[in-house]
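I have placed the structure first, in the form of structure tokens, so that the comments after it can refer back to it.
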Amino acid sequence: MKKVQVLFSERQAFRQVWIWILLIPGFLITLFGLFQPELSGKPAGEDTLSVLSRILLALVPLAVAAFMYALRLETEIRPDGIRVRFFPFHASFRHYAWEDIKKYGIRTYRPLSEYGGWGLRTGFFGRGTAYNVSGNKGLQLEMTNGKKLLIGTAKPEEMAAALARRERMAMEE
């Protein structure tokens, strides 16, 4: 079995402190609100939730936090194309062959105004799709079918060097 050459590989995840600063207090407030009658020592009335209902409701913010923790963007640049996966939305990598890519390049973009934020996003006014986790640098692809894809990166210099290496390899063929 031939080993596949990977020119660039990056794995990004939502680990920004500000996200967790927002999520953790929400979880704690939800827990406090759900178990407030027991914590205050007041007897539970007819309108209070059952213990099972409270536990299920407490799992909602925990599930949101677990989902945010599981999200990851994986990118590979290879001699045969670009592979990208935004887990868990993509169970397997999406492959974009070089012959299907008309133009590409690293660029600075405005996540909020161009794509409405970070994540798996659709751009406004024909900007295409974006897979991004943080920052404002990315690999812009324009496909031969006219579609556009932006793949965010925290390593734009390394990605640019890998793209240049791939171009040299293509010229040598």
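Values quoted throughout were computed directly from the atomic coordinates according to the rules given, and no laboratory measurement underlies them. These numbers come from a predicted model, not from an experiment. Neighbour counts are summed over all protein chains in view; Cβ atoms, including those assigned to glycine, are modelled from backbone coordinates with ideal geometry.
List of remarks:
- Across the alpha-carbon atoms of the chain, the computed radius of gyration and Dmax are 22.1, 79 angstrom.
- Each listed q (0.18, 0.25 Å⁻¹) maps to a log10 I(q)/I(0) for segment 75-173, found by the Debye formula over equal Cα scatterers with no solvent: -0.84, -1.52.
- Charge dipole (the chain, unit charges on Cβ, about Cα centre) - positive-most of I151, M169, L59: M169
- Helix axis angle, 156-172 relative to the chain longest principal axis, alpha carbon, degrees: 30 degrees
- Acute angle (nearest 10 degrees) that the helix 51-70 long axis makes with the longest principal axis of the chain, alpha-carbon atoms: 20 degrees
- In this simple spin-label approximation, E173 and I55 carry label points 7 Å from Cα along the Cα→Cβ vector, and these lie 5.7 nm apart.
- Extended-chain gain in nm, criterion 0.36 nm per residue less alpha-carbon gap, R107 and H95: 2.2 nm
- Relative to the dominant Cα principal axis of the chain, helix 17-40 is inclined by about 20°.
- Counting neighbouring Cβ atoms within 10 Å and putting the fewest first, the residues V6, V84 line up as V6, V84.
- Distance (nanometres) between label positions extended 7 Å along Cα→Cβ at A65 and N136: 3.1 nm
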